[in-house]
Every structure is written in C-alpha cells, then in structure tokens.
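I have placed the structure first, in the form of structure tokens, so that the comments after it can refer back to it.
The values are calculated or read from the model by the stated rules, or taken from the named source; none is laboratory data. On a predicted model such as this, the values are computed, not experimentally measured, just so you know. Using ideal geometry, Cβ is built from the backbone for each residue, glycine included, and neighbour counts are taken over all protein chains shown. To get the accessible areas, we keep the full protein, side chains included, count just its heavy atoms, and leave off ligands, DNA and RNA. Shrake-Rupley method; radii C 1.70, N 1.55, O 1.52, S 1.80 Å.
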Amino acid sequence: MTIQPPGAAVSNGVAVPASRQEILDLSTLGTDAPSPAAPEVVPAVPSPAPPGTTRTPLTVSLVIPTRNEAANIAWVLEQVPSCVDEILVVDGHSSDATLVTARSARPDIRVVMQSGLGKGDALAAGFTASTGDIVLMMDADGSMSPLEIPHFLYFLTHGYDFVKGSRFVAGGGSLDITTLRRNGNRALMRLVSSIYGASLTDLCYGYIGFHRRYLEYVDLSTPGFEVETRMVISAIQAGLRMAEVPSLELPRRSGTSNLRTFRDGTRVLRTVLRTHESGLSGHAVQQVRRLVHHKARGAVTAVGLDRTLGAAP
C-alpha cells in the first residue's frame, strides 16, 4: 500500500494537502509520533538507516531570478530560513542596485549572471549552477514568502519528486490576483487537467521545488513567464510524483510587474497545446501546428524567392 502524507488528497498522482495548518503540524512529527486515526493517512516517515550507517541529509538550493528588484530582494533574502544551504541570485541584466543590495543583505549568496533573456533562461542558468540535492525556485518581488519553504521540503523528503505551490487549495490564497487572471488561470488549469490527466488546482504560479536528479526531465525551453507551466507539464509527462502545497501570494512589495495578462496568457495556452500529442485531440493539435508551420515556411520561401528574382538583372 502506498503511504500518503496526512491531509493530502491524491488523484492521478497529484497530492493536494487539506490545509496550511496540517502541514505546519506535520513538521513536528517524528518517528515516535502516534499514527492518525485513519490508516490511509499515516505519515510517510523514512525508514531508519541500517546499523552502523548514517543518513546523509539532503542539501537545498534556492534559485531566485532577478531583474531590477533592488527594492524587494533584501526583504526576500532576509526571510530565507536556515534549512536552505545555498542561495543563487540569477541577475537578468539589472540596471539598478539589485546585486549590491542582495550581497549586503546576504553576503553568502552566489550570483549567477544570465547570458540570455527571459525567465526560462534565468532559471536554466540557476538550476545548472546549483549544487543542492533539492532545488527550489521563487520570485524576487516579495510575492512569495520564503517562510513557506519548509512546507515544500516536507513533501520532497517524504516521497514526492516535484512540489508546487497552490493559491487555490485549502490553506492557500492570493492578495494580489485580479478576477481576470483568476478566471484565466482556472480555465488553463482545467485544460491541462483534462488533456494531461492530472488533478491540479493552480497552474500559473512559480513557487516550485524538485529533486535535482530530475533536472533533465524539467523542460525550461520556453523563455517567458510560461516556463512554470512548461515545467509542470514536463513533470506530469515524465511521471514524477507531484504534490501541491498551500501558498499565500502576497502583493508585490515595490515596483511594477513585468507580467502582461493577455500576452502571457496566450503564451501559456500555446505552451499547453504545443506538447499535447496523445489521443484524438492531441493528434488534431499537432496536425494543425504542422499545417500552420508549413504555410509559414512556404510564405517565407516565396518572399525570399521574389526578392531574389527582383534583384536579378
């Protein structure tokens, strides 16, 4: 029988904790803690190490992509708990004092300079440079509390491979999301749950953690904010055991967000459909994509030929 963490409802391999308080209570459980009343929710306690051996604790890396977040990064870094062994700040060509402020708040950080553009490229640079057994990612604008990191680590150290924050599971919430963004997220989430066979409650939220050994299965090929969606879909396709952790999204502490609802929503939709290949609907999507790309290449070739002929004597 598969043992599930307390308060986690599991459907199609996705575990959803019942409430934030239950996760806080779970962090105090030890191997001698009494079992819950219901046998199917016995805490997943790791088996003891064989006599004469010691269990090596897992190390944790936190990757924070930044770009002009000087007003916010210090607050974020000062909140990081001691369970994080390594903090990597990935700078995306900031023109303000982001790095100076970050080093002042936490002199022990590692700075990774992003060579390309976009959040996907920044995360790829940070993940590659990280050394921890567990890799966590969060935003630098103060909308995600580092104090929630132990909740992610509980599930990652109790049998789960990929853990994501959810604003819409019991115990989570958002103090920043608009009605338009909420409805768009709900529609995209239902689409992903339908075509990929996963029970999710949140899709467009970038508070994520996973075991570094699965890094090659986590797709970071998309450049923009849709990278979180691509990561989740690739984890589903790879068969990783996934859990959603309640998370409270806070308002951005300072500055203006680079998120654009319609532009980024369209990118997320394209990401969802681009990798859908199973069943009749997936076959239809890929046929349409091939047709569109074929016509686009034909149009480019025709334009190039016309210009060549026009330039001929």
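Potential lengthening of the chain between ALA238 and ARG103 amounts to 44.9 nm, from the contour at 0.36 nm per residue minus the alpha-carbon distance. Put simply, the amide H of GLY171, placed in the peptide plane, has neighbours under 5 Å in ARG20, leaving out anything fewer than 5 places away on its chain.
As a fraction of the 1.4 Å probe accessible area of segment 151-214, surface on carbon and sulfur atoms comes out at 52 percent.
Between SER82 and MET113, the simple label model (points 7 Å from Cα in the Cβ direction) yields a spacing of 3.5 nm. Cα extents for segment 74-150 along the principal axes, largest to smallest and rounded to whole angstrom: 31, 27, 23.
For segment 65-195, the per residue solvent-accessible surface stands at 39 Å², with DNA, RNA and ligands left out and a 1.4 Å probe. Peptide packing: for 238-247, 225-234, the average count of neighbouring Cβ atoms within 10 Å per residue gives the ranking 225-234, 238-247, highest mean first.
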